[in-house]
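Presented below is the structure to which this report refers.
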């Protein structure tokens, strides 16, 4: 077997792993729908049942709100209850239930919530994200085919390197244009062109950055230890990273800074100078964060950093109630998985408690189901991909293509570490996806393009 083909094996297995993960973490289907389910524990620890109301629950809830027609929807922040009109024939649902103690206190009755054999667990189109990811994969495979037939020598063309750099830079600037820019939750980093799905320019920007830096660094290998190189390298990266910081996209900023430094180090930059570059990048980031805080003190990226770096336990608890819930629920999900996991499809945190369980927090959400053993299989696939590339780099004779391969594999592995670090609450929340695994059309397409480029470079065709 051609050693370069192993890249496809590991990449294909990772993509398949990702489809299973997206399917499981995006559906709310943790209980067998055919049998009776009796819930007698404190629902505060579950908070995840979009169920149809049977007569017993309906009577109990009507006593609480003292109304006969509206169905209740319970506030996620407490036990405040409010009426909600439901159109004729529509299913009655409680997205989030209060604790049993709250219901008992308000009704004076002992309460057990029972779903009979006709009950169905309701969800907002359970298969939306999975079917969306299948479509994303189909589009990505078309792009992979086009990448495969792209002549390898053209990757070394100076004009192409500059063209790609300018194109992705301008595309990244689209996130600031009214009418085109789009948001996902509180994050601003998407663009919405009429007739096209939302896209995340940062994914293209990362690959474009690696393309350009592979060309630029490889042409300066002879002077890479000189002060002029260091100055130029720092200046180019400062301009690029300040644009990313303005979004702000702290995760992409960190990944690009580290990837660029790894590429320079691989080509001969001394470790001491790598440390100097890290210091310069840190200063730039601090200046940028300070500037953003003056313009927009409630910026979501700053909130995430504040949540992470707060040392006062009481203050941290207070902040976490509002802004750190995602990280907390991620830790609960990972801890709940234990050694063997709860079982495929049986995670609880994904059912309303853990935001973005199918994308930004997919490692935590899926860890609850596959446990430590499943995660070791996932890490083994990433490690296999990394060492497959590393072992064959010596066979690549062209400095630019070799540097490009180093940049691509660094981009993938660094993002894996950052995503997992965020999910483990080791790093502040950055909103980054897990390569090949998380839901997202742009990310999956770029990951498969990167995989194809690695294959072509290692194969030499």
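As a calculated quantity, the FRET efficiency between residue 266 and residue 193 at R0 = 56 Å, using C-beta atoms, amounts to about 0.95. With the simple spin-label model, which puts each label point 7 Å out from Cα in the Cβ direction, the residue 325 to residue 167 separation comes to 4.2 nm. Between residue 232 and residue 373, what FRET efficiency follows from the Cβ-Cβ distance if R0 is 56 Å, with the result rounded to 0.05? According to the calculation, E is roughly 0.70.
Were the residues from residue 390 through residue 134 laid out at 0.36 nm apart, the gain over their Cα-Cα distance would be 89.1 nm.
Contour minus end-to-end for residue 380 and residue 417, with contour as 0.36 nm per residue of separation and end-to-end as the Cα-Cα distance?
On the way: separation 37, 0.36 × 37 = 13.32 nm, distance 1.35 nm.
That works out to 12.0 nm of additional length.
Is the shape of region 169-264 best called rounded, prolate or oblate, per the rule: a/c under 1.5 gives rounded, else a/b larger than b/c gives prolate, else oblate, with a ≥ b ≥ c the square roots of the Cα gyration tensor eigenvalues? Cα axes put region 169-264 in the prolate bin. Among 263, 199, the order by Cβ neighbours within 10 angstrom, fewest to most, reads 199, 263. Taking 0.36 nm per residue of sequence separation and removing the Cα-Cα distance, the residue 176/residue 426 pair yields an extension gain of 86.9 nm. Spatially, region 135-172 and region 409-460 are offset by 17 Å when compared through their Cα centroids.
Counting neighbouring beta carbons within 10 Å and listing from fewest to most, the residues 416, 143 come out as 143, 416.
If you take the Cα centroid of region 220-238 and the Cα centroid of region 368-392, the two points sit 34 Å apart.
As a rough guide to protection, the peptides 424-432, 451-459, 333-341 ranked by mean Cβ packing within 10 Å, highest first, stand as 451-459, 424-432, 333-341.
No value in this document is a laboratory result; all are computed from the given coordinates. What you see is a predicted model; the values in this text were computed from it and never measured. Reconstructed Cβ throughout: ideal geometry from the backbone, glycine too, with neighbour counts over all protein chains shown.
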